[in-house]
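See below for the structure under consideration.
The values are calculated or read from the model by the stated rules, or taken from the named source; none is laboratory data. Please read these numbers as outputs of a predicted model, since none were measured by experiment. Don't worry about glycine lacking a Cβ; one is built from the backbone with ideal geometry, like all the others, and counts go over all protein chains shown. Surface accessibility is based on the protein's heavy atoms, side chains included, excluding ligands, DNA and RNA. Shrake-Rupley method; radii C 1.70, N 1.55, O 1.52, S 1.80 Å.
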Amino acid sequence: MALTIEGPNEGECRWSLIVAEDRRGFDLRAGLTAWLAAHPGESVRLWVRQVDEPAHTIASELGFVSYRDLWQLRCDLPNRASGLDTRPFVESDIDAFVTLNNRAFHWHPEQGGLTAEAVRGAMAEPWFDADGFRVLHNDDERLMGVCWTKIHRDSDPDLGEIYVIALDPDFHGQGLGRPMTLAGLEWLAAEGLTDGMLYVESDNHAANATYSGIGFTRHHTDRAYRLLGQSPSARISDPS
């Protein structure tokens, strides 16, 4: 489906519209215009997967304002050794991981606010592999960092994703971001993957410098837009 609709939701935007990366044969302008005409004055979040210039132009001309770019980066596998002594995630790590995650991602619109229930839900998914969820502790058995991976066998080529990479803020500045990422890539390569992947905010400059140094390059951009309760006439006349 080229256009997915989610809502009504709580929060700033009652509706979320997601435009798929494969939108061949779909009239994006007509689809968005029809939905907006049926929902006048609604607050809407629009995600355009693998955004291109024509899609961006259409969204802008309909009044959507871009506010977030999410980059998908890819690299070749195998990469290089991490040099870290990590171990697989076990259920007793859940509480420590939730605490670390929420400290590391307190600013993040999706990753912050993780719960133990949500982690257990992910662990029940068919794709979950505890061995690919690498954790690092210090000598006092305190959790320092994690690199949670996810394998996508339904893509072409198969992709090994760095799904979550997080360090406890108390251990920032120790140069752990690079080797923790490599620990995940190391495991993915051992599983036979030849293509690594991750998502990162375009303005997360520190993370992007680390990933660039590892060999990641940008594959595509997913872009988020807002339309906050404007009238249909305002959508057409003010495309800023």
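Helix 205-214 sits at what angle to the longest principal axis of the chain, using alpha carbons and giving 0 to 90 degrees rounded to 10?
So the inclination is approximately 60 degrees.
In whole Hz, with x marking every Gly and Pro, tabulate ³J(HN,Hα) for region 60-74 from phi via Karplus 6.51 cos²θ - 1.76 cosθ + 1.60, θ = phi - 60°.
With the stated coefficients, region 60-74 comes to 5, 5, 8, x, 6, 10, 6, 9, 7, 10, 10, 8, 9, 10, 9 Hz.
Under a Cβ-only charge scheme (Lys and Arg +1, Asp and Glu -1), can you give me the dipole magnitude of the chain about the Cα centre, in debye to the nearest 20? Kindly include the intermediate steps, with their values, before the conclusion.
Values: 21 positive and 37 negative charges, 141 e Å.
The dipole of the chain has a size of about 680 debye.
Between residue 56 and residue 152, what FRET efficiency follows from the Cβ-Cβ distance if R0 is 22 Å, with the result rounded to 0.05?
0.25
With the cut-off at 1.5 for a/c, could you classify the chain from its C-alpha gyration tensor as rounded, prolate or oblate?
prolate
Return the long-range amide H neighbours of residue 133 (sequence gap of 5 or more, or a different chain), with a cut-off of under 5 Å between placed amide H atoms.
Amide H neighbours of residue 133: 89, 149.
What's the carbon and sulfur percent of the chain's accessible surface, probe 1.4 angstrom, rounded to a whole number?
Carbon with sulfur: 49 percent of the solvent-accessible area.
Please give the helix 28-38 orientation as an angle from the longest Cα principal axis of the chain, in degrees from 0 to 90, rounded to the nearest 10.
Rounded to the nearest ten degrees, it is 70.
In the chain, if the dipole is taken from +1 on Lys/Arg beta carbons and -1 on Asp/Glu beta carbons about the Cα centre, which of 7, 185, 167 is farthest to the positive end?
Highest projection toward the positive end goes to 7.
Picking from 124, 59, 199, whose Cα lies most toward the positive end of the charge dipole for the chain (charges on Cβ: Lys, Arg +1; Asp, Glu -1)?
The residue sitting most towards the positive pole is 59.
Calculate one ³J(HN,Hα) per residue across region 153-161 by plugging θ = phi - 60° into the Karplus curve 6.51 cos²θ - 1.76 cosθ + 1.60, and present them in order as whole Hz with x for glycine and proline.
Each residue's phi maps through the Karplus curve to give 8, 9, 9, 10, x, 4, 10, x, 9 Hz.
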